[in-house]
Structure formats: structure tokens, C-alpha cells
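A quick write-up on the structure given underneath.
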Amino acid sequence: MSLANLMMQARDPHTLGRFWTEALGLTVLADEPAWFRGRLSLGAGAFLDVCIEPVATPPALDQRLHLDLLGGPRQAEIVERLIGLGARRLDIGQHDVPWVVLADPDGHPFCVMEERAAYRSTGPIAALVLECGEPHREAAGYAALSGWVPAEGVAPATLRHPAGVGPLLEFTPQRRPKDRQNRTHLDIRPDPGGPDQAALVALARDLGAAPVTADWAYGHPWVVLQDLSGNEFCVLADGE
């Protein structure tokens, strides 16, 4: 099994997909008006796909899963480049912090980080940051489902691909309980020779995940679940 996709929603998947392609150096796998998929190669044969599907409404500012991009000594240069690609500066009440908060062309907040030792070898995405109620417990669940392993980081709990490549997956305390569907979520893919979709769903349920009961969650080959904090994630179909 593996953490396969970063799934996003946008009013214009094509435009947002082109932005993130330029921002992250993605290889475009599908680019249609209603669907985008691009691949970020992490090294050691690992990858993370960025997938974007259409929605009609703009995102809220308090996203529970967001991207922290690598900045470091080039932070100011990277911020200006991203603004040139269509991002804008965003005030979400962060006040005086060393990172820079931006919004992508659809309005999703993300950060460009200052120099941090933990991020020096991550590639363009320094971290995927997930707000949750119990960071250590949630990290243990995602580790069991994704095969990612505990890593050194700045969050209360951190995972990373077992090859030690790519972004960190950081679990941070939630600012408030979840009250709406997340606009960004993670997908778990069954790997050949490993647990299949049914086994991964059963494992997720044993770890405390619950099926999403809303109508939009059904009629797909993937299974939509919520973790202990209510954050949606999907278990993809076998061979998907």
C-alpha cells in the first residue's frame, strides 16, 4: 500500500492544474476541463499524484490539509515566482511569522516556509500538514494504512515515505472541530502483493475510521472514509 494521491477540488481544475504544474514541476498525466492529474516524482521510484476535480464553490480559508512549500534561503524569490504564476498573498490572521501565506488561483491557502533543517531534502513540497484531534494516534493510523514511517520533524507527529524521500506528512492539533467536507484529502492505493482494497478498508475500520454516509461518497470504485478527526480519505480500487 502507499499514499498515492493528493486530491484537491477547484472551480476550474484546468487552471489550478496548470498553476501547480508550474509551481511543483509536475508531469501532466491528464488535463481536461473537469479533471487534472499531475505526478510529482519523489525519487527512489516513489511519486505523489496531484489530482483536481471540479466543485462549484470557493474554498474556505481554514483548510485542514494544506501544503507547505520549500522556501529556505530562496523563500522571497519563490514567493515572487508563485505570485507571478497566479498566487496571491493571504492574511488568515497569521500575524508575524517567518513563513509566507499565499492562496493559489482557486483560493486554497498554502505556505512557503523559511529555512528548516527537516525540509532540506524534501523537494518542492516540504510538508503536507493535516489538522487532527489526536496527532500521535492519527499518525499511527496513517502509518499502518500507507506504509509511511515516523520521521523527525517540527510537528507533534510526522511521517515520511520509507525511502526517506519527498514531503513530510505532519499531524498538527486542530484549531476547531471539523464542520464541513475537506476540499483537499489523501488517497491510499493498494499495491500488488500487499493488502487489497477490502483488507485496507477493514484495517482502517479497525483503527477507528468510519465510512462517509453522504450521497456524494457512493457510486465510485474507491471507498470514502473519515479518520478519527473526521478528515476524509479514500482507499482506491485494486489496480487503480
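Do the conditions hold for P150, that is, is it within 23 Å of L42 (Cα to Cα), touching a helix residue (DSSP H, G or I) at 6+ places or on another chain (Cβ under 9 Å) and free of Cβ contacts under 8 Å to residues at least 12 places away in the same chain? Before you say what the answer is, go through the steps one by one.
Numbers: within 23 Å of L42 (Cα to Cα): yes; touching a helix residue (DSSP H, G or I) at 6+ places or on another chain (Cβ under 9 Å): yes; free of Cβ contacts under 8 Å to residues at least 12 places away in the same chain: yes.
When the stated conditions are applied, P150 passes them.
Being aliphatic (A, V, I, L, M) and without any contact (Cβ under 8 Å) to a residue 60 or more places away in the chain is the filter; apply it to segment 14-31 and report the residue that is nearest to V55 (Cα to Cα).
Top of the filtered list is A30.
Filter segment 202-233 down to residues that are over 17 Å from the mean Cα position of the chain (by Cα) and of a type in the set (F, W, Y) and give me whichever is surrounded by the most Cβ atoms within 10 Å (Cβ to Cβ).
W222
So which residues in segment 98-113 are in contact with a strand residue (DSSP E or B) (Cβ under 9 Å, 6 or more places away or on another chain) and assigned to a loop (DSSP other than H, G, I, E, B), if there are any at all?
Here is the first cut: in segment 98-113, the ones in contact with a strand residue (DSSP E or B) (Cβ under 9 Å, 6 or more places away or on another chain) are 99-113.
Residues satisfying the conditions are W99, D104, P105, D106, G107, H108, M113.
Is it the case that P13 is crowded, with 16+ Cβ neighbours inside 10 Å and farther than 25 Å from Y142 by Cβ?
So P13 fits the description; yes.
Let me spell it out: the conditions are (1) over 29 Å from G107 (Cβ atoms); (2) outside any loop (DSSP other than H, G, I, E, B); (3) acidic (D, E), and D187 meets all of them except one. Which number is the exception?
The number of the failed condition is (1).
Look at L225 and say whether it is farther than 18 Å from I52 by Cα and in a strand (DSSP E or B).
yes
Just to be sure before I move on: is A155 touching a helix residue (DSSP H, G or I) at 6+ places or on another chain (Cβ under 8 Å), assigned to a strand (DSSP E or B) and in contact (Cβ under 8 Å) with a residue 24 or more places away in the chain in the structure I sent?
On the way: touching a helix residue (DSSP H, G or I) at 6+ places or on another chain (Cβ under 8 Å): yes; assigned to a strand (DSSP E or B): no; in contact (Cβ under 8 Å) with a residue 24 or more places away in the chain: yes.
In short, no.
Would you point out which residue out of A144, A117, A151 is touching a strand residue (DSSP E or B) at 6+ places or on another chain (Cβ under 7 Å) and either of a type outside the set (V, I, T) or under 26 Å from P177 (Cα atoms) (or both)?
So the residue among A144, A117, A151 that is touching a strand residue (DSSP E or B) at 6+ places or on another chain (Cβ under 7 Å) and either of a type outside the set (V, I, T) or under 26 Å from P177 (Cα atoms) (or both) is A151.
Can you give me the ranges of the strands (runs of 3 or more DSSP E) entirely in segment 1-95 with at least 3 residues that are under 23 Å from L168 (Cα atoms)?
So the answer is 2-10, 35-43, 46-54, 65-69.
In segment 54-80, which residue that is among the polar types (S, T, N, Q) and free of Cβ contacts under 8 Å to residues at least 60 places away in the same chain is surrounded by the most Cβ atoms within 10 Å (Cβ to Cβ)?
Q75
Working carefully through the options R137, R160, R89, find the one that is surrounded by 19 or more Cβ atoms within 10 Å (Cβ to Cβ) and modelled with pLDDT of 95 or more. Working first, answer last.
On the way: R137 fails: surrounded by 19 or more Cβ atoms within 10 Å (Cβ to Cβ); R89 fails: surrounded by 19 or more Cβ atoms within 10 Å (Cβ to Cβ).
Going through R137, R160, R89 in turn, the sole match is R160.
Tell me yes or no: at least one residue of segment 104-119 is surrounded by 20 or more Cβ atoms within 10 Å (Cβ to Cβ) and either within 18 Å of D187 (Cα to Cα) or of a type in the set (S, T, N, Q) (or both).
Residues of segment 104-119 surrounded by 20 or more Cβ atoms within 10 Å (Cβ to Cβ): 104, 106, 108, 110-113, 119.
Okay, now just the ones that are also either within 18 Å of D187 (Cα to Cα) or of a type in the set (S, T, N, Q) (or both), so none.
Scanning segment 104-119 turns up no residue that is surrounded by 20 or more Cβ atoms within 10 Å (Cβ to Cβ) and either within 18 Å of D187 (Cα to Cα) or of a type in the set (S, T, N, Q) (or both).
The values are calculated or read from the model by the stated rules, or taken from the named source; none is laboratory data. Given the structure is predicted, the values throughout are model-derived calculations rather than measurements. Here Cβ is always computed from backbone atoms with ideal geometry, including for glycine, and neighbour counts include all displayed protein chains.
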